[in-house]
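Take a look at the structure set out below.
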Amino acid sequence: MRAIWKGAITFGLVNVPVKLYGATEDHDVELHQVHDKDGGRIRYQRRCEVCSKVVAYENIDKAYAEGSTTVVLTEADLKSLPEERSREIEVVEFVPSDQIDPIMFERSYFLEPEKTAVKAYTLLRRTLEETDRTAIVQFSLRQKTRLGALRVRPAKDSGSPVLMLQSLLWDDEVREADFPELKTDVRVSAQELKMSTSLVDQLTTDFDSDKFSDEYQEQLRKLIAAKLEKGDALDTAATFGDAEAGPPPGGEVIDLMEALRQSVERARASRTGTGSASSESSARSGGGASSRKAPARKAASAKKTTTAKSAAAKRAPGKKTPAKTGTRSGSKKSA
């Protein structure tokens, strides 16, 4: 174990230098989120809702919302408050151990004495054991002033008794169980109480935590092992979208642009005809010859129309309306 804090227990004129260790640890299987379509990792970003930019952690301040107003607290503001300057676990009083409601217990820590304080540490531990008392202490940890209970944890297996510090919730952090149903006057007969007591007696035994285990975590590990054995797994690097696991980012941009270009060409072809779309496609692709031929064909057709109009004008001078009518009818027939 690695110590997370160093300080000293102080009561009266006695000072006991100690190291603080976390007494518990989490053994749950660590799971992360992936996209159900391709197995890619899901990532969360700290994005500003005003400018929509991703913000680095060092550029993030804290804030408190009070109704329609928000107060921003900068790092300088927070540093102006009393910090974790004290390295003392100050004993305030000693109380009977059974007077502390277990609901107030929060986190648990082991205390190890420094080499020079083993005797004072042992004296304090023995005193608490003999008097069946728990020391109520105040200490600072991670920029918070905390209330705690200093008590003895009995030896387990081949271990030794150890002083344990358990942080306590403040009184206003514990809710009251104010349920109307509990105020109902319920009558329990003597026979019912006797049968219930008999059932309790049959199930009464000494508590042994080794008999219990987290069945869900055990089944989860078996499920993971079975999928691994079947080969039902992904390459971890591929879930991060590494360059080796897929096309380079540049290729993705080119493919996207190509897809957009083809979509535009198809849309134009469906409106104006395949020939025009092919000519425009060739022109956009750099086909200079094709782009020059298209205007030539238009010029030729325009020249023929002009010649036809001139011939009609010679046959019927001054009568433009029939020429126009003939042109329109001709257009309709060709259409």
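Worth pointing out:
- Residue within region 67-90 that is within 23 Å of residue 162 (Cβ to Cβ), at pLDDT 90 or above and among the β-branched types (Val, Ile, Thr) present: yes
- Within region 19-45, being closer than 30 Å to residue 106 by Cα, part of a loop (DSSP other than H, G, I, E, B) and not small (Gly, Ala, Ser) holds for 24, 25, 26, 27, 28, 29, 30, 31, 32, 33, 44.
- Any hit, region 161-175, residues being closer than 30 Å to residue 134 by Cα and of a type in the set (S, T, N, Q): yes
- Residue list for region 128-174, restricted to those being open to solvent by 80 Å² or more (accessible area, probe 1.4 Å), in a strand (DSSP E or B) and either touching a helix residue (DSSP H, G or I) at 6+ places or on another chain (Cβ under 9 Å) or more than 25 Å from residue 87 (Cβ to Cβ) (or both): 133
One line per residue, one yes/no per condition, for (1) in a loop (DSSP other than H, G, I, E, B); (2) closer than 21 Å to residue 21 by Cα; (3) open to solvent by less than 100 Å² (accessible area, probe 1.4 Å):
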site	(1), (2), (3)
51	yes, no, yes
72	no, no, yes
77	no, no, yes
90	no, yes, yes
94	no, no, yes
119	no, yes, no
122	no, yes, yes
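Listed here are the residues, each with its yes/no results for (1) among the polar types (S, T, N, Q); (2) over 16 Å from residue 105 (Cα atoms); (3) in contact (Cβ under 8 Å) with a residue 40 or more places away in the chain.
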| residue | (1), (2), (3) |
| --- | --- |
| 140 | yes, yes, yes |
| 150 | no, no, yes |
| 158 | yes, yes, no |
| 165 | no, no, yes |
| 170 | no, no, no |
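- Taken over region 187-215, the criterion of being surrounded by 10 or more Cβ atoms within 10 Å (Cβ to Cβ) and closer than 30 Å to residue 32 by Cα is satisfied by 214 alone.
The values are calculated or read from the model by the stated rules, or taken from the named source; none is laboratory data. Quick caveat: nothing in here was measured; it's all calculated off a predicted structure. Note: ideal-geometry Cβ built from the backbone for every residue, glycine included; neighbour counts use all protein chains shown. The protein model used for the area step is the full one, side chains on, heavy atoms only, and it has no ligands, DNA or RNA in it. Shrake-Rupley method; radii C 1.70, N 1.55, O 1.52, S 1.80 Å.
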